[in-house]
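Report on the structure given below.
The values are calculated or read from the model by the stated rules, or taken from the named source; none is laboratory data. Keep in mind that this is a model prediction, so the values were computed, not measured. So basically every Cβ, Gly included, is an ideal-geometry build from the backbone, and we count neighbours across all protein chains shown. When the accessible area is computed, the model is the full protein with side chains, heavy atoms only, and any ligands, DNA or RNA have been set aside. Shrake-Rupley method; radii C 1.70, N 1.55, O 1.52, S 1.80 Å.
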Amino acid sequence: MSAGRQPPKPFEDSGVPADVAASSYDAWDAVVERIHDASALGKIDPDVTRILCVCERVLEVAVPVRMDDGHVEVFQGWRVHHDTTRGPAKGGIRFHPQLGSHEVAALAADMTLKTAVVDIPFGGGKGGVRCDPGQLSAGELERLTRRYTYEVASLLGADRDIPAPDVNTDERVMAWLLDTLDMLHGRDMPAVVTGKPLAIGGMRLHTGATASGVVRCTRSVFAELDIALPGARAVLQGFGKVGAPLGFLLSSAGMRVVAISDISGAVHNPGGLDIGQLSDHVARTGSVGGFEGGQQIEPSELWSVEAELAVPAALGGALDEQAALALQATVVVEAANGPTIPAADRVFDDRGVTVVPDILANAGGVTASYLEWAQGRQGYPWDTEVVAARLAHTMDSAFETVWARSKDLGVSMRRAAGVVGVERIAEATLARGLFP
Ligand code: NAD
């Protein structure tokens with residue numbers, strides 16, 4: 001990229017919702033900054049960097065939905081392909097009231113880097129609808145999912161773009177998505193989506209794969225830093241599809257999960273929270289707030305709770321400069337996508353906090369998705385032992401590669417992971433050459 005030239009934004013107008021625009025943080029700008037940094041460190045061909053600083057395609061759609069009271073609500077949705085040089089676009093679908101095109105594009109770019117870091121043959125994509133699923137009935141949610149799927153169907157396909165669950169979407173949403181595509185095309189297309197229910201071609205161990213990858217990275221980084229895992233304390237932000245199984249896995253690994261927050265509350269118990277009881281409480285009430293097995297704290301106090309490990313497992317931008325200064329833990333393992341803004345990263349570097357970045361730490365989910373996609377294409381299911389062994393091997397070897405690169409270059413694991421990612425993408429881009 002020539003000096004001073006700004007990369008084009010995926011959208012100039014509708015990229016950032018007004019409530020999000022009030023903050024100075026833009027997820028797309030943050031990704032572009034990281035791609036430039038990794039390219040400079042890895043001495044990447046500037047032509048490749050220029051290609052990576054824009055999205056291949058961004059589709060914005062209107063999603064009209066007949067609501068239960070009879071009126072029609074129109075939602076805004078997106079599906080973005082950031083880069084498909086290494087394989088079909090892969091990335092989740094998010095339903096969230098503050099979603100904007102810049103965030104979707106940033107999440108798609110993170111997927112390009114992530115699939116390269118764990119070396120699986122996918123590119124990066126992402127999609128979603130700006131909506132609050134908590135305010136929708138099951139019928140409204142299904143109609144929204146099916147209409148959104150119809151609107152973006154031209155981009156989807158087992159060889160083109162394979163969605164999966166993300167924030168506020170789950171296997172039920174993936175089932176509606178698959179069924180809509182099957183109806184549209186008049187055939188079963190099991191490899192077009194991952195994170196499906198087992199009954200329609202899903203894969204055992206897909207649920208919890210992201211969390212188990214986070215635990216493998218935690219074990220690896222604690223071993224490298226010579227910190228004993230048993231008895232160590234963890235704080236966890238988010239108790240959803242990633243955070244809840246992670247709470248269980250960290251506890252069963254012998255750690256004390258001393259504080260957990262979600263969108264509505266936070267609890268703290270210095271002796272360690274009982275995750276089983278907390279899960280029952282969340283199943284009954286919908287939030288960790290009010291759990292009697294700990295003291296209630298403000299969600300903003302989570303990062304200042306004393307611990308060795310901090311795991312953001314909620315939304316992007318959760319760790320800003322202030323949070324980075326308040327953080328007590330010496331290790332951050334990023335289960336969420338994009339949880340640390342660049343200014344917070346600089347604070348972590350100054351304070352000597354070790355961060356295992358999202359594009360490595362939460363790659364267990366996309367690795368399991370790769371196996372589920374292969375299962376759909378080959379037409380018979382994997383044994384669970386095969387899935388567990390491949391997941392463990394992929395995560396461990398990606399960790400080793402990034403750790404070694406960070407030592408060689410004398411930079412943070414985030415910067416080293418960026419270098420590993422862009423190098424692999426550059427190799428593929430140069431091997432293909434430029435069409436036409
Ligand atoms: P989810 O919708 O299942 O759960 C989200 C959790 O975050 C909920 O507990 C919610 O209450 C909490 N939360 C939301 N806003 C919050 C806030 N402001 N403060 C505190 N907590 C808040 O989503 P998920 O699938 O668990 O995804 C969590 C993160 O992990 C996301 O960043 C997602 O992109 C990333 N991720 C998910 C997967 C996956 O397999 N689902 C894979 C890789 C990365």
Condition met for ALA426 (surrounded by fewer than 20 Cβ atoms within 10 Å (Cβ to Cβ) and under 19 Å from VAL117 (Cβ atoms)): no
Test result for GLY247, surrounded by 19 or more Cβ atoms within 10 Å (Cβ to Cβ) and touching a residue at least 12 places away in the same chain (Cβ under 8 Å): yes
Residue among GLY213, GLY134 that alone is within 12 Å of the ligand (Cβ to nearest atom), surrounded by fewer than 22 Cβ atoms within 10 Å (Cβ to Cβ) and assigned to a helix (DSSP H, G or I): GLY134
Residue that is at pLDDT 95 or above, more than 9 Å from the ligand (Cβ to nearest atom) and over 23 Å from ALA388 (Cβ atoms), where the choices are LEU225, LEU250: LEU225
In segment 180-195, the residues that are under 15 Å from TYR380 (Cα atoms) and of a type in the set (D, E, K, R): ASP188
Of all residues in segment 302-320 being open to solvent by 20 Å² or more (accessible area, probe 1.4 Å) and in contact (Cβ under 8 Å) with a residue 40 or more places away in the chain, the one that is nearest to GLY240 (Cα to Cα): ALA314
Members of segment 304-348 that are touching a helix residue (DSSP H, G or I) at 6+ places or on another chain (Cβ under 9 Å) and among the acidic types (Asp, Glu): GLU308, ASP320, GLU321, GLU334, ASP345
Test: residue in segment 277-296 that is open to solvent by 10 Å² or more (accessible area, probe 1.4 Å), within 23 Å of SER220 (Cβ to Cβ) and more than 15 Å from the ligand (Cβ to nearest atom): no
Among residues of segment 170-190, those that are part of a helix (DSSP H, G or I) and away from the ligand (no atom under 16 Å from the Cβ), counted: 10
Count - residues of segment 216-244 that are open to solvent by less than 10 Å² (accessible area, probe 1.4 Å) and within 23 Å of VAL288 (Cβ to Cβ): 7
Filter result (buried (at least 16 other Cβ atoms within 10 Å of the Cβ) and either part of a helix (DSSP H, G or I) or within 16 Å of the ligand (Cβ to nearest atom) (or both)) within segment 151-169: GLU151, VAL152, ALA153, LEU155, ILE162, PRO163, ALA164, PRO165, ASP166, VAL167, ASN168, THR169
Flag for VAL311 being closer than 16 Å to ARG233 by Cα and more than 11 Å from the ligand (Cβ to nearest atom): no
Every residue from segment 191-209 that is assigned to a helix (DSSP H, G or I), more than 17 Å from the chain's Cα centre (by Cα) and either in the same structural domain as ILE93 (by TED's automatic domain parsing) or crowded, with 20+ Cβ neighbours inside 10 Å (or both): ALA191, VAL192
